[in-house]
Amino acid sequence: MSLSMKLGLARLDLPPGSPAETQVAEAHEEARRALAELRELIRGVHPQVLTDRGLGAAVQDVAGRSPVPVHVDVWLPGRLPSPIEVTAYYVVSEAMANIAKHSRARRGFVHGRLHDGTLVLEVGDDGVGGADPAAGSGLAGLADRVAVTDGVMTLSSPPGGPTSLRVEIPCPVSE
């Protein structure tokens, strides 16, 4: 909180519209977002939008914060069991972070449906490819998280791209 406050105060001392003021404003906004994410983490390791409105809304929220434009097409007939929603949310969040950090993509997508009792999520981009779970990335951790739900994760990311991450999680839905 101190960092965010100091950036806000520093911004007041700079000429409006100057390059320095613009950079401090951007840093102030990033600090504000980081603080909000830390608060979400402390509150229960997932964002309030996931708890309140479900996976579709949470995916829209993550995509809306991405520096890479992302097309979201997630349609679910209702709420899914909480462990499945949380796992799916983290898959999308990590995949979106990887797109922003590593892919050099111009755009990405998230597609999600419930199909024959299985949540099928696909996250992809038009970037340079080359993602490798064996390279110590968060992808191996995602595969482990998905496996805990008896789900499977597949990755296609040839050098030169594109990258597509697909997750299938069994999802018993009560009628």
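The values are calculated or read from the model by the stated rules, or taken from the named source; none is laboratory data. Just so it is clear, the model here is predicted, and its values are computed rather than measured. Neighbour counts are summed over all protein chains in view; Cβ atoms, including those assigned to glycine, are modelled from backbone coordinates with ideal geometry. Quick note on the areas: whole protein, heavy atoms, side chains included, nothing else; ligands and nucleic acids left out. Shrake-Rupley method; radii C 1.70, N 1.55, O 1.52, S 1.80 Å.
Pick the calculated semi-axes √(5λ) of the Cα gyration tensor in Å for this structure from [x] 24, 18, 17; [y] 34, 16, 15; [z] 32, 20, 14? Read-out taken from this structure: [z].
Here the accessible area of the stretch 88-145 is 49 percent carbon and sulfur, with a 1.4 angstrom probe and all protein chains present. Between the beta carbons of Glu29 and Asp73, assuming R0 = 30 Å, the FRET efficiency works out to 0.60 to the nearest 0.05.
Ligands, DNA and RNA aside, Arg33 has an accessible area near 80 Å² when probed at 1.4 Å.
Put a dot 7 Å past the Cα of Asp52, heading toward its Cβ, do the same for Arg65, and the two dots end up 1.4 nm apart. Taking Asp61, Asp125, Asp52, Asp13 and ordering them by how much accessible surface each has at a 1.4 Å probe, largest first, produces Asp13, Asp52, Asp61, Asp125.
In Å², what does the accessible area per residue of the chain work out to with a 1.4 Å probe? Can you show the working numbers first?
Working: 10090 Å² over 175 residues.
About 58 Å² of surface per residue is accessible.
Averaging Cα coordinates gives a centre for the stretch 101-152 and one for the stretch 157-173; these two points are 4 Å apart.
Helix-only estimate, please: 222 nm mean residue ellipticity of the chain, summing -39500 (n - 2.57) across DSSP H runs of length 4 or more and dividing by its residues, to the nearest 500.
Working: 6 runs with 81 residues, N = 175.
Mean residue ellipticity, 222 nm, calculated: -15000 deg cm²/dmol.
Rank these by accessible area, largest first, 1.4 Å probe: Met5, Met153, Met96.
Numbers: Met5 120, Met153 40, Met96 10 Å².
Putting Met5, Met153, Met96 in descending order of accessible area: Met5, Met153, Met96.
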